[in-house]
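Written out below as structure tokens is the structure these notes cover.
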Amino acid sequence: MSMKTSPQLIRLQSVDSTNEEAFRLHAAETAAPFFVTAAEQMQGRGRSGRTWQSPVGNLYLSCLLENPASSEKLSQLGFVAGVALIDALVATAHSKCFHLKWPNDVIVDGAKLAGLLLETRQQNNAQAVVIGWGVNISQTPKDLPYRAIGLHEISSSLDKEQLCQQLMSAFMQRLLQWDEGRNFNAIRQLWLQFALPPGTPLMVRGSETEKFEGVFESIDADGSLLLKTPFETRRIIAGDVILPGVA
Ligand code: BTN
């Protein structure tokens with residue numbers, strides 16, 4: 001992957017999804033890496049096929065990378081992106097109230113502040129990877145099956161532009177540190193520093209039929225969730241994690 005220190009930021013007013021727009025721009029030969037942001041999204045995408053409410057006032061930012069690592073290491077990028085988001089939030093909001101919930105939600109007081117979505121496509125003879133961050137800033141999404149929160153409820157430092165700039169530069173720095181997966185352990189350690197405390201009750205939905213209840217133990221060397229149940233420690237590679245009673 002070629003790495004420019006400050007990739008360009010493409011700013012848009014309204015798009016379907018900044019992730020989708022990033023793939024389109026790459027297909028139209030925009031040189032990677034680059035970032036795309038929009039004031040609002042009409043079809044913002046969340047994890048597991050869900051919609052991401054995207055009114056004007058919150059941050060929607062995507063980064064397109066070309067051939068960032070071998071395919072078995074791509075999921076590590078979610079952790080790189082999660083750690084960079086924490087870096088940017090701490091720097092912008094001057095607060096350390098942020099926690100990471102596996103795989104990469106940002107939680108404040110049990111409510112979801114931000115999420116990220118990693119998508120990959122084979123196009124232009126390359127592996128195109130898009131990481132998209134959604135951060136609730138001045139708008140708190142309503143009618144969700146979990147509790148959401150906006151940065152305006154936490155901090156009076158609310159500069160969306162500053163958060164966007166901090167996130168772009170933190171992500172480029174953490175990418176260099178990650179070193180295409182050769183140094184995932186450093187990212188994992190940082191991720192664990194901001195993780196929900198071990199012992200936090202979690203409910204995990206692995207698939208339609210699989211559901212496990214337990215408490216957060218850690219993440220392993222590959223980034224899989226280690227969930228402690230009354231009987232064993234389960235290793236979860238993919239799934240949705242719910243904070244029972246809250247998120
Ligand atoms: C989640 O479900 O937690 C992931 C949410 C990711 C939302 C962001 S907003 C910018 C980018 N564009 C999208 O359509 N989705 C991501």
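Pairs linking a residue in segment 51-69 that is more than 9 Å from the ligand (Cβ to nearest atom) to a residue that is hydroxyl-bearing (Ser, Thr, Tyr), with Cβ atoms under 6 Å and 6 or more positions apart or on different chains, are 57/138. Exactly one residue among 122, 193, 166 is under 26 Å from residue 73 (Cβ atoms) and touching a Ser or Thr at 6+ places or on another chain (Cβ under 8 Å), and that residue is 166.
Which one of the conditions (1) more than 21 Å from residue 38 (Cα to Cα); (2) in contact (Cβ under 8 Å) with a residue 40 or more places away in the chain; (3) part of a strand (DSSP E or B); (4) of a type in the set (S, T, N, Q) does residue 120 fail to meet, given that it meets all the rest? Only one criterion in (1) more than 21 Å from residue 38 (Cα to Cα); (2) in contact (Cβ under 8 Å) with a residue 40 or more places away in the chain; (3) part of a strand (DSSP E or B); (4) of a type in the set (S, T, N, Q) is unmet by residue 120, namely (1).
Values in this text are rule-based calculations from the coordinates and carry no lab data. Because the structure is a prediction, the values reported are computed rather than measured. Glycine also receives a Cβ, built like all others from the backbone with ideal geometry; neighbour counts cover every protein chain displayed.
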